[in-house]
Amino acid sequence: HLRKWDQTASDDDGTAISSHVYLGPLKGGTQMGVRLKEMRATLGLTSASLTYTVFAGDSAESAYNSTTAAASGTFSSTLAGKPAVSHKGAMGQAIFIKLSNTTVAEKWTLEKLECTYHGTGRKFARIS
């Protein structure tokens, strides 16, 4: 239950406020897959580090509901205000990127996320 709304609170009575966002889907054209090659994240100047998890699937729904990450890592707060680069990629019919932070008393901000990706041919359209 909610006892009091406090926009400045950094935890919930000592319990971390788990926050996340899904970005996507990234999709290729009809009968085509998509290959994620690179991500460049620019965090806000006062942002905490941010965990990313990439999910791929044979459809947008299967990518979103996937429990197995195609790639994961951290965009470090030591680079806040400057682009942090990940070359971890994924391939499928659709790709979602989940950004999250679950640490007590940490807040995160994302200024920009740029992705390099391209469509694949029919031969590579399926991942299973």
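The values are calculated or read from the model by the stated rules, or taken from the named source; none is laboratory data. What you see is a predicted model; the values in this text were computed from it and never measured. Methodologically, a virtual Cβ is constructed for each residue, glycine included, from the backbone with ideal geometry; neighbour enumeration extends over all protein chains shown. Areas reflect the complete protein model, heavy atoms only, side chains present, ligands, DNA and RNA absent. Shrake-Rupley method; radii C 1.70, N 1.55, O 1.52, S 1.80 Å.
When the helices in the chain are scored as -39500 (n - 2.57) per DSSP H run of 4 or longer and the sum is shared across all residues, what 222 nm value do you end up with, to the nearest 500 deg cm²/dmol? Please report the intermediate quantities before stating the final value.
Numbers: 1 runs with 6 residues, N = 128.
Theoretical 222 nm ellipticity from helices: -1000 deg cm²/dmol.
Rank these by accessible area, largest first, 1.4 Å probe: ARG40, ARG35. The partial results should precede the final answer.
Numbers: ARG40 60, ARG35 90 Å².
Sorted by accessible area, descending: ARG35, ARG40.
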**Message:** At 1.4 Å probe size, what's the solvent-accessible area of LYS107? Round to the nearest 10 Å².
**Reply:** 120
**Message:** Using protein chains only and a probe of 1.4 angstrom, how many square angstrom of THR51 are accessible, to the nearest 10?
**Reply:** 60
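Rounded to the nearest whole Å², what accessible area per residue is found for the chain with the 1.4 Å probe?
62
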**Asked** Which parts of region 86-108 would a label at ASP58 reach, counting a residue when its backbone N lies under 20 Å from a point 7 Å out along Cα-to-Cβ?
**Response** 90-96
**Asked** In the chain, what percent of the accessible surface is made up of carbon and sulfur (1.4 Å probe, ligands and nucleic acids excluded)?
**Response** 50
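What relative contact order, as a whole-number percentage, does region 1-117 give when Cα pairs under 8 Å and 6 or more residues apart are counted?
On the way: 274 pairs, mean separation 48.7, N = 117.
Answer for region 1-117 is 42 percent.
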